[in-house]
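Beneath this line is the structure, given in structure tokens, with notes to follow.
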Amino acid sequence: MGALLGTTGDELYRNFTKPRIKVGTEFVTKGQSASQCQYAAGAIGKAIYDRVFKYLVKKCNETLDTKQKREHFIGVLDIAGFEIFEVLNW
């Protein structure tokens, strides 16, 4: 996983288990418990998921953009495909 994040596995392990934090003007190495490391790994996973999801939505929007006049509609992407529903003015 470290290579996917642009670092080594050893460096990633060290930063999870003994992160450096800034205290005043100095950096201090802080020991982490197993549950704290697990929480940090979960937070990294959620951040990666968030960024990949936003990237995919952006790419889908760019691909589907027709440069035509905007109309009011709701688009839904589900497992069966993409559906477009007109918004009716009641």
Handout entry: Scope segment 1-59; condition at positive phi and of a type in the set (Lys, Arg); matching residues
Key = none
Practice task
Kindly check whether there is at least one residue in segment 31-49 that is touching a strand residue (DSSP E or B) at 6+ places or on another chain (Cβ under 6 Å) and assigned to a loop (DSSP other than H, G, I, E, B).
Solution key: no
Problem - Search result, residues across segment 2-30 that are polar (S, T, N, Q) and either part of a helix (DSSP H, G or I) or out of contact with any strand residue (DSSP E or B) (no Cβ under 9 Å at 6 or more places or on another chain) (or both) - result: Thr7, Thr8, Asn15, Thr17, Thr25
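Any read-out appearing in this document is the output of simple, stated calculations on the displayed coordinates, not a laboratory observation. Remember, it's a predicted structure, so these values are computed and weren't measured experimentally. Cβ sites come from the backbone with ideal geometry, for glycine too, and all protein chains shown count toward neighbours.
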